[in-house]
Amino acid sequence: MTRLLKGLAVSYDLLYDRLSEAEREELRSAITSIGQSYYDGYFTTPSISGPDFHTHHAIVEWASFGVAALAMLGEYPPAQEWLAATVTKFREHLLPTGLAEDGAQVEGATFWASTMQYRIAFMDALQRVTGEDLFTPFAEQMDARLALASIAAAKTGGHDQDHETVVHEPSYGQISYHSPVLLALARFYRNGLCQRLALWDRTAGAVQQTRYVTDNGEWMLFDWGGYAFAWYDPTVPAEVDSSAPLSFSFPSVNEAYLRASYEPGGIVVGMRRNAVVTHAGGRPVFADRYDGHHPPAEVRAVTLDDDGRQARLRCEGAEDSGFTEQRLLLRRPGTLTLTRTTDQEQAWWCYGRPVREGNVLRWKDGTTLTVEQGRLISLEPDGYHDEKVVGLGLLRLKDPFPMSYPLIKAQPEAGRLEVVVRTPGD
């Protein structure tokens with residue numbers, strides 16, 4: 001309901017000059033009656049106004065309510081009280097504690113981007129309408145590290161796919177979902193790296209059209225493209241600071257990432273709990289299978305070392321991890337070695353149509369994946385199928401364009417599996 005309230009408020013603002021006074025009053029009446037009901041019976045309750053309500057849905061609801069308050073300023077006197085309550089909530093709870101201390105969003109995939117979308121939508125409007133700046137005092141909490149760690153490739157068109165441009169994100173949470181946020185961070189903080197990664201999205205500004213349809217026949221669409229237009233500042237240079245990190249650890253969500261560079265097509269590898277996704281040559285070449293609503297087991301004793309030339313990530317697996325130890329070694333610019341201590345058969349999926357040559361998979365651009373220790377036992381060209389269940393696992397989405405991907409299986413040797421990914425020219 002609060003998202004719909006935000007939609008009415010934004011429509012009222014954008015269409016004001018084109019509406020008759022009767023039409024304006026119809027919108028004002030809807031916004032104020034709904035908003036006042038929610039303010040009196042919801043936003044002022046201790047559980048919603050208090051400190052424990054501070055993560056994703058809190059930010060979505062309060063930010064939407066705040067946008068409605070801004071639209072009604074000067075036209076509905078209680079809107080000033082709505083706005084004051086929203087600013088207080090942002091200052092005391094939503095910005096200080098909405099993300100974990102390491103910058104991750106603890107509630108699940110895609111929630112970092114949507115948390116930031118709603119933060120910025122309110123904070124930008126607040127600054128333009130009232131002059132109050134929340135960007136400067138809370139710069140550290142507007143943390144982009146999760147996006148810098150996981151964005152792996154450019155997007156030129158077509159329906160998004162899991163891990164296609166952002167590793168460990170579902171198809172509806174790819175770079176097209178992140179780019180409006182990065183453009184805004186680039187604008188408000190003059191951040192050239194955010195600008196660079198955002199501009200890898202060649203679809204920025206468009207409606208994000210997923211492949212999925214609900215049981216009611218509703219197509220899943222996301223329309224933050226208008227904000228991408230509003231937030232893009234062409235005077236921010238799209239560049240990489242030489243001090244920008246290339247390895248990232250997010251202990252709050254049991255994740256870590258290594259990247260070769262900030263060049264499209266370079267190696268980017270992410271570990272979420274025990275699952276690994278590796279991007280190379282502009283595509284996922286190794287993606288462990290897991291259901292986003294039934295996440296893999298957590299790993300223990302995670303260590304990360306990076307001297308600039310190479311990065312090492314090590315962890316110990318839980319009982320149901322499928323391994324007792326896992327190591328990732330990234331030798332820049334283009335070689336990644338994944339080692340697992342295990343006797344169990346391992347399976348993963350990938351993009352494209354790699355050609356198998358014994359223990360080697362080769363893509364057309366020259367990217368290779370080699371099983372150095374162990375044996376590659378099968379390559380099923382259409383062995384992995386995508387399926388989406390959202391809404392806390394309650395809503396299974398229909399897919400009118402079902403996708404299938406190559407499924408690879410390998411058998412360890414002497415209790416060890418070693419897989420090496422190389423990009424062309426390395």
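The values are calculated or read from the model by the stated rules, or taken from the named source; none is laboratory data. Predicted model only: the values in this text are computed from it and were never measured. Neighbour counts run over all protein chains shown; Cβ positions are idealised from the backbone, glycine included.
Checking Leu146 against (1) crowded, with 19+ Cβ neighbours inside 10 Å; (2) more than 30 Å from His385 (Cβ to Cβ), which single condition isn't satisfied?
Against the list (1) crowded, with 19+ Cβ neighbours inside 10 Å; (2) more than 30 Å from His385 (Cβ to Cβ), Leu146 comes up short only on (2).
So is Gln117 among the polar types (S, T, N, Q), part of a loop (DSSP other than H, G, I, E, B) and surrounded by 17 or more Cβ atoms within 10 Å (Cβ to Cβ) or not?
no
With the condition kept exactly as written, say whether any residue in the stretch 231-252 is over 18 Å from the mean Cα position of the chain (by Cα), crowded, with 21+ Cβ neighbours inside 10 Å and not in a loop (DSSP other than H, G, I, E, B).
yes
Here is a yes/no grid of residues against (1) in contact with a Lys or Arg (Cβ under 9 Å, 6 or more places away or on another chain); (2) among the small types (Gly, Ala, Ser); (3) surrounded by 15 or more Cβ atoms within 10 Å (Cβ to Cβ); (4) at pLDDT 95 or above:
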position: Gly322; (1), (2), (3), (4): yes, yes, yes, no
position: Glu357; (1), (2), (3), (4): no, no, no, yes
position: Thr367; (1), (2), (3), (4): yes, no, yes, yes
position: His385; (1), (2), (3), (4): no, no, no, no
position: Lys388; (1), (2), (3), (4): yes, no, yes, no
position: Gly393; (1), (2), (3), (4): no, yes, no, no
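Within the stretch 135-152, track down each residue that is within 18 Å of Arg272 (Cβ to Cβ) and small (Gly, Ala, Ser).
Scanning the stretch 135-152 gives Ala147, Ala149, Ser150, Ala152.
Which of (1) over 21 Å from Gly266 (Cα atoms); (2) surrounded by 16 or more Cβ atoms within 10 Å (Cβ to Cβ); (3) small (Gly, Ala, Ser) does Gly334 not meet, given it meets every other one?
That leaves (1) as the condition not met.
Restricted to the stretch 275-294, and to residues that are in contact (Cβ under 8 Å) with a residue 40 or more places away in the chain, in a loop (DSSP other than H, G, I, E, B) and over 25 Å from Gly334 (Cβ atoms), which residue is nearest to the chain's Cα centre (by Cα)?
Gly292
For the stretch 256-270, name all the residues that are more than 14 Å from Arg312 (Cα to Cα) and in contact with a helix residue (DSSP H, G or I) (Cβ under 9 Å, 6 or more places away or on another chain).
Listed by number, the list holds a single entry, Tyr262.
Could you list all residues from the stretch 253-294 that are among the aromatic types (Phe, Trp, Tyr) and surrounded by fewer than 24 Cβ atoms within 10 Å (Cβ to Cβ)?
Correct list: Tyr262, Phe286, Tyr290.
Could you please find all residues in the stretch 253-263 being within 15 Å of the chain's Cα centre (by Cα) and closer than 14 Å to Val277 by Cβ?
Result: Glu255, Ala256, Tyr257.
Going residue by residue through the stretch 161-180, is there one that turns out to be β-branched (Val, Ile, Thr) and assigned to a helix (DSSP H, G or I)?
Yes, there is a match, as at least one residue in the stretch 161-180 is β-branched (Val, Ile, Thr) and assigned to a helix (DSSP H, G or I).
Considering only residues that are at pLDDT 85 or above, closer than 30 Å to Met220 by Cβ and out of contact with any Pro (no Cβ under 6 Å at 6 or more places or on another chain), which ones fall in the stretch 399-426?
Answer for the stretch 399-426, where residues must be at pLDDT 85 or above, closer than 30 Å to Met220 by Cβ and out of contact with any Pro (no Cβ under 6 Å at 6 or more places or on another chain): Met403, Ser404, Tyr405, Leu407, Ile408.
Just to check your reading of the model, which residue among Leu146, Leu126 is at pLDDT 95 or above, part of a helix (DSSP H, G or I) and either assigned by TED's automatic domain parsing to the domain that holds Ala260 or under 10 Å from the mean Cα position of the chain (by Cα) (or both)?
Leu146
Quick test of your reading of the structure: Gly108 fulfils all but one of (1) in contact (Cβ under 8 Å) with a residue 60 or more places away in the chain; (2) assigned to a helix (DSSP H, G or I); (3) in contact with a helix residue (DSSP H, G or I) (Cβ under 9 Å, 6 or more places away or on another chain). Name the failing condition by number.
(2)
Scan the stretch 1-49 for residues that are within 27 Å of Ala230 (Cα to Cα), surrounded by 12 or more Cβ atoms within 10 Å (Cβ to Cβ) and hydroxyl-bearing (Ser, Thr, Tyr) and report the count.
Total satisfying the criteria: 5.
Is it the case, given these coordinates, that Thr115 is touching a residue at least 12 places away in the same chain (Cβ under 8 Å), under 16 Å from Glu140 (Cβ atoms), assigned by TED's automatic domain parsing to the domain that holds His54 and touching a Gly at 6+ places or on another chain (Cβ under 7 Å)?
Yes.
Would you list the helices (runs of 4 or more DSSP H) that sit entirely within the stretch 4-100 and hold 1 or more residues that are at negative phi, modelled with pLDDT of 95 or more and within 27 Å of the chain's Cα centre (by Cα)?
In the stretch 4-100, 46-49, 56-72, 79-89 are the helices (runs of 4 or more DSSP H) which contain 1 or more residues that are at negative phi, modelled with pLDDT of 95 or more and within 27 Å of the chain's Cα centre (by Cα).
Looking for whichever is among the aliphatic types (A, V, I, L, M) and within 29 Å of Asp305 (Cα to Cα) here; the options are Val371, Val355, Val389. Which one fits?
Answer to the selection: Val371.
Among the residues of the stretch 295-308, write down those that are surrounded by fewer than 22 Cβ atoms within 10 Å (Cβ to Cβ) and more than 19 Å from the chain's Cα centre (by Cα).
Ala297, Glu298, Arg300, Ala301, Val302, Thr303, Leu304, Asp305, Asp306, Asp307, Gly308
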